[in-house]
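K.L.:
Just passing along the structure, written as structure tokens.
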Amino acid sequence: MKIITTPDGRLREKSEKVREIDDEIRGIIDDMRKLSLDWEKEHPYELSAAMAAPQMGVLKRIIIVRDDMEDKKNATFTALINPEVIRTEGKTVRDYEGCLSVPSIYGMVPRPSKVKVKAKLEDGTEVRIKASGELARTLLHEIDHLDGILFIDHIRDDKDAFYEMNDKGDLIPVDYEKQIKDNPELWGEE
Ligand SMILES: [Zn+2]
């Protein structure tokens, strides 16, 4: 198992619902946790906040979300199965996003500030989550993956919204024409 990146077409597909939470599904969740932490070891300035199953080429509606997005030492994740956005609320807020599957590009992405999500936990319990701020953003980003949507799609026409990270961990604006517009494979168009 490894993390797949653009322009891999599997990132653009719609994932299917999980019918039964069995050993196969639990194994997929374990692999997601492991891959997220492996990625983090190679990215010293970043925290692996979340991941969706299609990011390792498994087209099933499963995401994992870090329990504490501030503390790298806390390496536990909650898995959400068949997560669904029930509704979004609040004003639209722009903030930085990155993605394990979109290497070295970051974006200033507009998202609603609050979201209500329903999902199943690993033990089958149905939960409803009311989230705001960073957690709301993360949930929306990950649920997008289950429908083949990447954060870059939300800012495609905003040439001032793209950034890259320098070797000190600072985000600096990228030359849109040079780096983004002229790279159709970033969007999965070859
Ligand atoms: Zn992502």
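Quick note: the coordinates plus some simple rules give every number you see, no bench work behind them. Note that the structure is a prediction, hence the values are computed from the model and not measured. No Cβ is skipped: glycine too gets one built from the backbone with ideal geometry, and neighbour counts run over all protein chains shown.
K.L.:
List the lysines whose Cα lies under 25 Å from the Cα of residue 34, skipping any in the same chain that are fewer than 8 positions away.
P.N.:
By straight Cα distance, residue 34 reaches 2, 14, 17, 60, 72, 73, 118, 120.
K.L.:
Also, quick follow-up: For a bin width of 5 Å, list the pair-distance distribution of the chain built from all Cα-Cα distances, rounded to whole %.
P.N.:
1, 8, 16, 20, 22, 17, 10, 4, 1, 0
K.L.:
What order do you get for 38-44, 151-157, 83-89 when each peptide is scored by the mean count of other beta carbon atoms within 10 Å, highest first? List each step's numbers first, then the result.
P.N.:
On the way: 38-44: 11.7, 151-157: 16.9, 83-89: 13.7.
Packing proxy ranking, top to bottom: 151-157, 83-89, 38-44.
K.L.:
By how many nm would the segment from residue 45 to residue 127 grow when fully extended, if each residue of separation counts as 0.36 nm and the alpha-carbon distance is taken off? Present the calculation step by step, with values, prior to reporting the outcome.
P.N.:
Values: separation 82, 0.36 × 82 = 29.52 nm, distance 3.23 nm.
Between residue 45 and residue 127, full extension yields an extra 26.3 nm.
K.L.:
Taking +1 at the Cβ of each Lys and Arg and -1 at the Cβ of each Asp and Glu, which of 184, 172, 139 sits farthest along the dipole of region 9-184 towards its positive end, judged by Cα position relative to the Cα centre?
P.N.:
After comparing all options, I get 139.
K.L.:
Relative to the longest principal Cα axis of the chain, at what angle does helix 133-145 sit, 0 to 90 degrees, rounded to 10?
P.N.:
The two axes meet at around 90 degrees.
K.L.:
Report, to the nearest 10°, how far helix 23-41 tilts away from the longest principal axis of the Cα atoms in the chain, using its own Cα long axis and a range of 0 to 90°.
P.N.:
30 degrees
K.L.:
May I pose another question? Could you state the orientation-averaged shadow area of the convex hull built on the Cα atoms of region 131-180, in nm² to one decimal?
P.N.:
Values: hull surface 18.5 nm².
Taking a quarter of the hull surface, the average projection is 4.6 nm².
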